[in-house]
1. When the residues of segment 3-48 are narrowed to those that are polar (S, T, N, Q) and outside any loop (DSSP other than H, G, I, E, B), which ends up nearest to residue 72 (Cα to Cα)?
2. Would you check which residues across segment 21-52 are in contact with a Leu (Cβ under 9 Å, 6 or more places away or on another chain) and of a type in the set (Lys, Arg) and list them?
3. Among 100, 4, which is open to solvent by 50 Å² or more (accessible area, probe 1.4 Å), at pLDDT 80 or above and more than 21 Å from the chain's Cα centre (by Cα)?
4. Every residue in segment 134-175 that is of a type outside the set (A, V, I, L, M, F, W, C), open to solvent by less than 20 Å² (accessible area, probe 1.4 Å) and part of a strand (DSSP E or B), please.
5. Does segment 192-202 include one or more residues that are over 17 Å from residue 124 (Cβ atoms) and touching a strand residue (DSSP E or B) at 6+ places or on another chain (Cβ under 6 Å)?
6. What residue, among those in segment 176-199 that are charged (D, E, K, R) and buried (at least 20 other Cβ atoms within 10 Å of the Cβ), is farthest from the chain's Cα centre (by Cα)?
7. Would you mind telling me which numbered condition in (1) within 29 Å of residue 211 (Cα to Cα); (2) basic (Lys, Arg); (3) modelled with pLDDT of 80 or more; (4) open to solvent by 70 Å² or more (accessible area, probe 1.4 Å) residue 38 fails?
8. What number of residues in segment 1-44 are among the hydrophobic types (A, V, I, L, M, F, W, C) and in contact (Cβ under 8 Å) with a residue 40 or more places away in the chain?
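The values are calculated or read from the model by the stated rules, or taken from the named source; none is laboratory data. All figures in this text were calculated on a predicted structure; none of them were measured in a lab. Cβ coordinates were reconstructed from backbone atoms using ideal geometry, including for glycine residues, and neighbour counts include every protein chain displayed. Please note that ligands, DNA and RNA were not included when accessible areas were found on the heavy atoms of the full protein model with its side chains. Shrake-Rupley method; radii C 1.70, N 1.55, O 1.52, S 1.80 Å.
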Amino acid sequence: MLTRKQLELLLFVDTHLKKHGTAPSFEEMKEAVNLKSKSGIHRLVTALEERGFLRRLPHRARALEVVKLPASHGGAAGSATQRGDAAGRFEPSVIEGDFRHEREHTHDLSGAAGVSLPLYGRIAAGTPIEATRDDTNMIDVPSSMLGSGEHYALEVEGDSMVDAGIFGGDIAIVERCDTAENGTIVVALVDDNEVTLKRLRRKGESIALEPANMAYETRIFGPSRVRVQGRLVALLRKY
């Protein structure tokens with residue numbers, strides 16, 4: 001269920017994409033739905049992303065994709081180009097769930113003052129985005145923050161985990177694993193194309209990904225739709 005403003009914005013973005021081939025600016029969106037601030041537009045866009053109606057395309061300015069429309073408005077996204085057709089389908093680079101590949105980033109932590117971990121990119125603590133794998137970026141981490149096993153780092157983006165003390169700009173230190181106990185904050189891969197940082201809950205055969213911010217909703221999926229990529233073990237923060 002969308003609010004009136006969320007629906008207005010979604011339809012405006014879809015119409016603008018079909019007419020101009022590009023997403024509208026935040027200023028244009030603000031005027032279209034009669035809001036006074038761009039922060040209000042940001043909240044609407046984030047809510048639509050959380051509900052699966054919009055998706056922001058990474059590394060591109062003003063890049064929004066209409067994933068779907070409500071059933072009452074046809075239930076289909078915009079143009080084939082915006083949806084991603086056979087020739088131009090959006091294929092994000094994600095951290096794969098199978099970690100049996102070579103372990104060049106496994107570290108012997110015994111007696112070490114610090115280790116360098118691969119910094120793979122950004123992880124959404126609000127709106128899911130892909131975690132871009134880039135083995136060329138490294139970050140130094142005190143070994144006292146780590147246990148045994150293999151670790152990597154991701155930069156947090158978003159605010160849905162603020163009540164758990166996790167803020168945008170924090171560096172999440174993650175232990176690779178493919179399962180986690182209930183209540184653990186995990187890196188979760190959803191439908192093989194969205195990676196997000198949330199608290200994991202199992203409810204019968206379903207898996208819930210819980211935010212730690214009342215402004216966001218818990219998302220519930222079937223068991224085959226979610227794969228655990230790792231569990232949060234530490235945070236780094238700059239002041």
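1. 6
2. If the condition is that a residue be in contact with a Leu (Cβ under 9 Å, 6 or more places away or on another chain) and of a type in the set (Lys, Arg), then 51 is the only one that fits.
3. Every option except 4 fails the conditions.
4. Selection gives 150, 151, 152.
5. yes
6. Among those residues, the one meeting the criterion is 199.
7. With respect to (1) within 29 Å of residue 211 (Cα to Cα); (2) basic (Lys, Arg); (3) modelled with pLDDT of 80 or more; (4) open to solvent by 70 Å² or more (accessible area, probe 1.4 Å), residue 38 is out only on (3).
8. 7
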